[in-house]
1. Given the conditions (1) surrounded by fewer than 23 Cβ atoms within 10 Å (Cβ to Cβ); (2) in a helix (DSSP H, G or I), report the number of the one that Thr239 does not fulfil.
2. Go through region 54-65 and give me each residue that's within 27 Å of Ser24 (Cβ to Cβ) and surrounded by fewer than 18 Cβ atoms within 10 Å (Cβ to Cβ).
3. Please tell me if Ile256 is closer than 17 Å to Ser23 by Cβ, of a type in the set (Val, Ile, Thr) and out of contact with any His (no Cβ under 6 Å at 6 or more places or on another chain).
4. Would you check if Gly94 is among the small types (Gly, Ala, Ser), under 18 Å from the mean Cα position of the chain (by Cα) and over 21 Å from Gly172 (Cβ atoms)?
5. Here are Gly86, Gly90: which of them is at pLDDT below 90 and under 22 Å from Gly226 (Cβ atoms)?
6. Please determine, by comparing only the residues of region 96-116 that are at pLDDT 90 or above and in contact with a Leu (Cβ under 9 Å, 6 or more places away or on another chain), which one is nearest to Asp38 (Cα to Cα).
7. Just checking, does region 81-98 include any residue being in contact (Cβ under 8 Å) with a residue 12 or more places away in the chain, under 17 Å from Ala180 (Cα atoms) and not polar (S, T, N, Q)?
Amino acid sequence: MTYLQGVVLGVVQGLTEFLPVSSSGHLILVPHVLGWPDQGLAFDAVMHLGTLVALLAYFRRELIALATGKLSRGLGAIVVVATLPGALAGVLFGKLIEEHLRWPLAIAISTGAWALVMWAADRRARGAPGGVGDPLERIGWGQGIVIGCAQALALIPGTSRSGITITAALLGGLDRATAARFSFLLGIPITAGAGGLKALHLAKTGLPPGELGPLLAALLAAFLSGWCAVWFLVGYLRTRSLRPFVIYRLLLALAIFLVVLRG
């Protein structure tokens, strides 16, 4: 991997991991278009660590408030329990899905199909809530568990973890900005777990020769672009809809179909 590849793929991963547009679709399409080889395990591990740090940096105030009791610890408990369906699905089905569903046509179908579900959920989204306190504290156990179960579907390539959890949150009655914030909070444990496992595997196998520098560049690019993506989406959804992302996903699905057809 070159420095250019590391930076480009890091930016792509950081943006698409948090914007509801499917990171797997982009990480297949971009190398194919540019004629680059598969980025491999080392890149995957580094990207998870980069996006995890981005989440921790953005939500540092909420995490400190949870730890000190200024934000309801019930929210922390909901996040932990809501993480379990995705973690369990990853243990049971992760390898099977990786071997049989990570191919371009399946990703294109998933990207397009979930775009339509997102569109339906966005049309029934509620306005920003009034009242005192952080809207996150008003998320109930039922809402949290449903969103957590939806997160398990993100194992299917092309689904988008943020996309499916925001969609489920909107269907569960949350407003757009709160849905995005809870989706990202929910992503912290699952991203930490996935990144930790991949990093452990990488520690056992070792880095390919000469790739430390490009991987560090990719890590920095993923962190910076990931933080910007979270900041942008939370602010954007306070006043705007998901419609542009729905349209973009449909166009992305079409682009992947065309790539497949051209071989």
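The values are calculated or read from the model by the stated rules, or taken from the named source; none is laboratory data. In this text the structure is predicted, and so the values were computed from the model without any measurement. Ideal geometry is used to build each Cβ from the backbone, glycine not excepted, and the neighbour counts take in all protein chains shown.
1. It is condition (2) that Thr239 fails.
2. Here is the first cut: in region 54-65, the residues within 27 Å of Ser24 (Cβ to Cβ) are 54-59.
Passing the criteria: Leu56, Ala57.
3. Details: closer than 17 Å to Ser23 by Cβ: yes; of a type in the set (Val, Ile, Thr): yes; out of contact with any His (no Cβ under 6 Å at 6 or more places or on another chain): yes.
For Ile256, the condition - closer than 17 Å to Ser23 by Cβ, of a type in the set (Val, Ile, Thr) and out of contact with any His (no Cβ under 6 Å at 6 or more places or on another chain) - is met.
4. Numbers: among the small types (Gly, Ala, Ser): yes; under 18 Å from the mean Cα position of the chain (by Cα): yes; over 21 Å from Gly172 (Cβ atoms): yes.
For Gly94, the condition - among the small types (Gly, Ala, Ser), under 18 Å from the mean Cα position of the chain (by Cα) and over 21 Å from Gly172 (Cβ atoms) - is met.
5. Numbers: Gly86 fails: at pLDDT below 90.
Result: Gly90 is the single residue among Gly86, Gly90 that is at pLDDT below 90 and under 22 Å from Gly226 (Cβ atoms).
6. Step one: filter region 96-116 for residues at pLDDT 90 or above, giving 108-116.
Next, only the ones that are in contact with a Leu (Cβ under 9 Å, 6 or more places away or on another chain) stay: 108, 110-112, 114-116.
On the way: Ala108: 18, Ser110: 21, Thr111: 20, Gly112: 23, Trp114: 25, Ala115: 26, Leu116: 29 Å.
Among those residues, the one meeting the criterion is Ala108.
7. Of region 81-98, the ones in contact (Cβ under 8 Å) with a residue 12 or more places away in the chain are 81-90, 93-94, 97.
Going one step further and asking which of them are under 17 Å from Ala180 (Cα atoms), we end up with 82-83.
When the remaining residues are screened for being not polar (S, T, N, Q), the result is 82.
Yes - at least one qualifying residue is present in region 81-98.
Results for (1) surrounded by 22 or more Cβ atoms within 10 Å (Cβ to Cβ); (2) not polar (S, T, N, Q), shown as yes or no for each residue.
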site: Val8; (1), (2): no, yes
site: Phe18; (1), (2): yes, yes
site: Ser23; (1), (2): yes, no
site: Met47; (1), (2): yes, yes
site: Gly50; (1), (2): yes, yes
